[in-house]
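Q: Starting off with a structure, shown below.
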Amino acid sequence: MSTKSKIPSEKGLDKTVTLLKEGYLFINKRMDKYKTDIFKVRLLGQQVICIRGEEAVKVFYDTEKFQRKGAAPMRVQQSLFGKNAIQSLDGEIHLHRKLLFMSLLTPAHQQKLATLTTEYLADVMKQWENADQVVLFDEMKHLLCKVACQWAGVPLAETEVTERGDDFIAMVYAFGTIGPVHWKGRMARNRAERWIKDLMENVRNGKVVTEQGTALHEMAFYKKIDGTQLDTQMAAIELINVLRPIVAISTFITFAALAMHEYVEEKEKLRYADNHYIEMFIHEVRRYYPFGPFLGARVRNKFIWRGHSFQKGSLVLLDIYGTNHDARLWGNPTQFNPGRFENWDGGLFDFIPQGGGDPAKGHRCPGEGVTVELMKVVLRALSTKMEYDVPNQDLQYNLSQMPTLPKSGFIMNNIKKLVE
């Protein structure tokens, strides 16, 4: 039987400012300092328990032990997720709504998104040939905004693409910031919610006709467990929670381009790679480069893990970045090596760039398949369908910023589309 023991505790006052300064490395540094997978620290005015590693992931995604209600700070809901969205639900209500999201992100839907991305990318590459230079991150966020909206059945004029794409990304890049960047994200969310809420109202009153099976239609007419529809505000929030993550794949794509540039031998391999190796490369990009820093949940029922007592209601942070760079799971974790996924068994708790556990039953992102398929499309284009130069630029990314990105956004020039 487990016995209680004392959790290492970070001394001093509230460390929220330190967290914002250290970013992705905040939790991992203290894990290494205390030689543990668990420690306490004061953040946002409350005592928080931080955990790391495969066993921690298994515990974190145990719905008998943890719940999401009350875990996400309001400032994160107001910028990234939306208030009272699926990320804050638990139990049967969460599972019922999760089924909706899963139905919209099946392999068939993934292929529709991949096909649209292929088509739009072919068109935009023609424009890139005539441009002095392009910033890949900017190009991809706007392209994926068009892709996401067309796939979802959301009307989007060409004149709106830049604003809407920028707003979706602003929400993502606001959650770990303070000051102007955070407020930019909150204003972006407010604009997006007004836009989609008006659209939802027009769908329900018949002014906008939707096609059954599209994300817009299914979200507009989704019925909760009690048989009632979501109000138009919540329907808008949840549709944004389908569209925004698709646009956010532009971050992974930018890091993939950086990996091809930094590891020239990998770019050469990708020219002739089969589907399996491309997936290995994509997984390593998602493991190696920073995306989500950590996730939060609250203790549902008191339990003991590793000899430490977790009290009901306590806030717990799971270190995503630290787990994906855990040397016990990933030999030489600071080395970029797609080969480490050669014989990976698809574990649900060791590789968690977009969360852990079973996406159908828990809070793991249901859109990982979309991420992989769209990254495949762009990687094939970058490696086999075009030639380009990478001029001198600042490609450094700052781990104290959450999320982070190469500062230049990855600039390319002298682009030439290859004849197939």
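The values are calculated or read from the model by the stated rules, or taken from the named source; none is laboratory data. Just so you know, these numbers come straight off a predicted model, no measurement behind them. Heads up, the Cβs are rebuilt from the backbone with ideal geometry, glycines too, and the neighbour counts pull from every protein chain shown. Just so you know, the surface numbers come from the protein's heavy atoms only, side chains and all, with ligands and any DNA or RNA stripped out. Shrake-Rupley method; radii C 1.70, N 1.55, O 1.52, S 1.80 Å.
Q: For the chain, which whole percent of the accessible surface, found with a 1.4 angstrom probe, sits on carbon and sulfur atoms?
A: 51
Q: Under a 1.4 angstrom probe, counting protein chains only, how are Arg189, Arg204 ranked by accessible area, largest first?
A: Largest to smallest exposure gives the sequence Arg204, Arg189.
Q: Where nothing but the Cβ of Lys and Arg (+1) and of Asp and Glu (-1) is charged, how large is the charge dipole of the chain around its Cα centre, in debye to the nearest 20?
A: Charge dipole, the chain, about its Cα centre: 2040 debye, nearest 20.
Q: Given springs between every Cα pair under 10 Å in a Gaussian network model of the chain, which of Arg328, Arg186, Arg194 has the largest fluctuation?
A: Of Arg328, Arg186, Arg194, the most mobile in the Gaussian network model is Arg328.
Q: Now, a different point. Please give me the summed charge of the neighbours of Lys33: other residues whose Cβ is under 15 Å from its Cβ, Lys and Arg +1, Asp and Glu -1.
A: +2
Q: Just want the answer: with Cβ charges of +1 for Lys and Arg and -1 for Asp and Glu, which residue in Leu104, Gln77, Val161 is farthest toward the dipole's positive end in region 31-182?
A: Farthest towards the positive pole: Gln77.
Q: So, one more: Under a GNM of the chain (C-alpha, springs under 10 Å), which listed residue has the highest mean-square fluctuation: Lys15, Lys141, Lys98?
A: Lys15
Q: Enumerate lysine pairs in region 98-191 that are 8 or more residues apart or on different chains, then count those whose Cα atoms are under 19 Å apart.
A: Counting lysine pairs in region 98-191 gives 5.
Q: Say R0 is 22 Å: what FRET efficiency, to the nearest 0.05, do Asn414 and Gln111 get from their beta-carbon distance?
A: For R0 = 22 Å, the calculated efficiency reads 0.10.
Q: What is the local net charge at Lys69, summed over the other residues whose Cβ is closer than 12 Å to its Cβ (Lys, Arg +1; Asp, Glu -1)?
A: Around Lys69, the charge tally is +2.
Q: Then there's this: Counting each DSSP H run of 4 or more residues in the chain as -39500 (n - 2.57), what helix-only mean residue ellipticity at 222 nm follows after dividing by all residues, to the nearest 500 deg cm²/dmol?
A: -14500 deg cm²/dmol, from helical runs alone.
Q: So between Met102 and Asp389, what do we pick up on full extension, going 0.36 nm a residue minus the alpha carbon distance?
A: 99.4 nm is the gain from fully extending Met102 to Asp389.
Q: What FRET efficiency do you get for Arg194 and Glu119 if R0 is 30 Å and r is their Cβ-Cβ distance, rounded to the nearest 0.05?
A: 0.50
Q: Determine, for each peptide in 221-229, 253-261, the mean count of other beta carbons within 10 angstrom over its residues, then list the peptides with the highest first.
A: Packing order, densest peptide first, comes out as 253-261, 221-229.
Q: May I pose another question? Of Val370, Tyr321, Gly339, which is farthest on the positive side of the dipole of region 317-409, counting Cα position, with +1 on Lys and Arg Cβ, -1 on Asp and Glu Cβ, and the Cα centre as origin?
A: Val370
Q: What does the accessible area per residue of region 1-75 come to in Å², with a 1.4 Å probe and no ligands, DNA or RNA counted?
A: 55
Q: Distance in nm between label sites at Asp166 and Tyr272, each 7 Å beyond Cα in the beta-carbon direction?
A: 4.5
Q: While we're looking at this one, here's another question. For every other residue with a beta carbon closer than 10 angstrom to the beta carbon of Arg244, add +1 if it is Lys or Arg and -1 if Asp or Glu, then tell me the sum.
A: Net charge in that neighbourhood comes out at 0.
Q: Can you tell which of Gly53, Gly153, Gly355 shows the greatest fluctuation in a Gaussian network model of the chain with Cα springs below 10 Å?
A: Gly153
Q: To the nearest 20 debye, what is the magnitude of the charge dipole of region 106-237 about its Cα centre, counting +1 on the Cβ of each Lys and Arg and -1 on the Cβ of each Asp and Glu?
A: Using Cβ point charges on Lys, Arg, Asp and Glu, region 106-237 gives about 500 debye.
Q: Once the whole set of protein chains is in place, how much accessible area is left on Asp274, using a 1.4 Å probe, in Å² to the nearest 10?
A: Surface open to solvent at Asp274 totals about 90 Å².
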